[in-house]
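> Structure in structure tokens, see below.
The values are calculated or read from the model by the stated rules, or taken from the named source; none is laboratory data. Because the structure is predicted, anything quoted here is derived from the model rather than measured. When we count neighbours, we look across all protein chains shown, and the Cβ atoms used for this are built from the backbone with ideal geometry, even at glycine.
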Amino acid sequence: MTKLLCCLLFLIPAAAQEPEVAAAVAFTEGPTVDRAGNVYFSEIVNERIMKLSTNGVLSVYREHSNVANGLLIDPQDRLIACEGAEWERYGVKVKGKPRITRTDLKTGKMEILAESYQGKPLQAPNDVTIDGKGRLYFTDMAGAAVYRIDAPGKFTRILASPDIQRPNGIQISPDDKILYLIEANQAQGGARMIRAYELQPDGSVRNMRVHYNFYPGRSADGMSIDTQGNLYASAGLIRPRGTSETLDTKCGVYIISPKGKLLKFIPIAEDTITNNAFGGPDMKTLYITAGKTLYKVRTDIPGLPR
């Protein structure tokens, strides 16, 4: 196993609905789970994709990840990665080529799905989801755009500025009829909400409505969805971070119904909470990335691998 600058923690199972620590590294993002139950997640600061095996062994799946952020395992057990390509660490700027890649977990073969649109490079791919037809949808936060990928090199921009501001997490309802998009604009008066759109059979969207508003607190970053269509949004702060975001939004996972009602809140005692994904044999284990830590918590309803 690759030597790690991190630690793996095992805790006695906590009370129901209280998250356990699954692993700790530096700055975690974008968890996803393969069909065997292994958890993959991004470690932004050191530019790595980590792997937590089903028997609790933590290893580096990919070094030099091109600042991979949001991840997704597709139905063919291939790892989709949103590679933001830019990060500053230890006073040194890491700069690569922003792109969306797909890696076969069995062979390790990687292919580029998207890197430029109409002759212009992507700016900072952030998060990705998939619909029932296998089409991918990803956000480009710095580019203020949302794209749909129908095949390698074949993708379409479905949302752009000024209709959206700073797109982050993205999800699709179990029936493929609603596309949910997180806006995470830290600026004063910026959109900090989950938008909901009617998703058309051709993959386009229309009729936006505000599904849930986090303003003036910190908006959600990433989110997952369960089989009943409830969203699990990772949002909030424990302490100020020098932006106009207030502490009105507590740090944790917000479980939001298809009607936009807050059903439950799972507190997480670590900044900065970023994302979450379902896994486990019954898909009732929610893995949550926050700060240096990967948490896990049991849920009542099984989730979807989106």
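> So in region 162-195, with the set limited to residues that are among the small types (Gly, Ala, Ser) and surrounded by fewer than 18 Cβ atoms within 10 Å (Cβ to Cβ), which one is farthest from residue 259 (Cα to Cα)?
Selected residue: 187.
> Related question: Restricting to region 217-240, count the residues that are over 15 Å from the mean Cα position of the chain (by Cα) and more than 14 Å from residue 272 (Cβ to Cβ).
Residues flagged as over 15 Å from the mean Cα position of the chain (by Cα) and more than 14 Å from residue 272 (Cβ to Cβ) within region 217-240 amount to 4.
> Out of everything in region 207-229 that is surrounded by fewer than 19 Cβ atoms within 10 Å (Cβ to Cβ) and touching a residue at least 60 places away in the same chain (Cβ under 8 Å), what residue ends up being farthest from residue 69 (Cα to Cα)?
228
> Scan 204, 257, 234, 244 and give me the residue that is at pLDDT 95 or above and crowded, with 19+ Cβ neighbours inside 10 Å.
Just one listed residue meets the conditions, 234.
> Then there's this: Name the one entry in 132, 91, 84, 96 that is modelled with pLDDT under 95 and under 26 Å from residue 180 (Cα atoms). Give the steps one after another, and end with the answer.
Details: 132 fails: modelled with pLDDT under 95; 91 fails: under 26 Å from residue 180 (Cα atoms); 96 fails: under 26 Å from residue 180 (Cα atoms).
On inspection, the qualifying residue turns out to be 84.
> May I pose another question? Out of 154, 133, which single residue is out of contact with any Asp or Glu (no Cβ under 9 Å at 6 or more places or on another chain) and loosely packed, with under 13 Cβ neighbours inside 10 Å?
After ruling out the rest, the residue left standing is 154.
> Out of all the residues in region 47-72, which are out of contact with any Ser or Thr (no Cβ under 9 Å at 6 or more places or on another chain) and either basic (Lys, Arg) or in a loop (DSSP other than H, G, I, E, B) (or both)?
54, 55, 56, 57, 64
> Mind listing whichever residues of region 204-218 are of a type outside the set (Val, Ile, Thr) and part of a strand (DSSP E or B)?
Listed by number, the residues that qualify are 206, 207, 208, 209, 211, 212, 213, 217.
> Quick one: residue 201 ticks every box in (1) in contact (Cβ under 8 Å) with a residue 12 or more places away in the chain; (2) assigned to a loop (DSSP other than H, G, I, E, B) bar one, so which box is it?
(1)
> Still on this model: Identify all residues within region 192-219 that are closer than 14 Å to residue 249 by Cβ, among the aliphatic types (A, V, I, L, M) and in contact with an Asp or Glu (Cβ under 7 Å, 6 or more places away or on another chain); write none if there are none.
193, the sole residue that qualifies.
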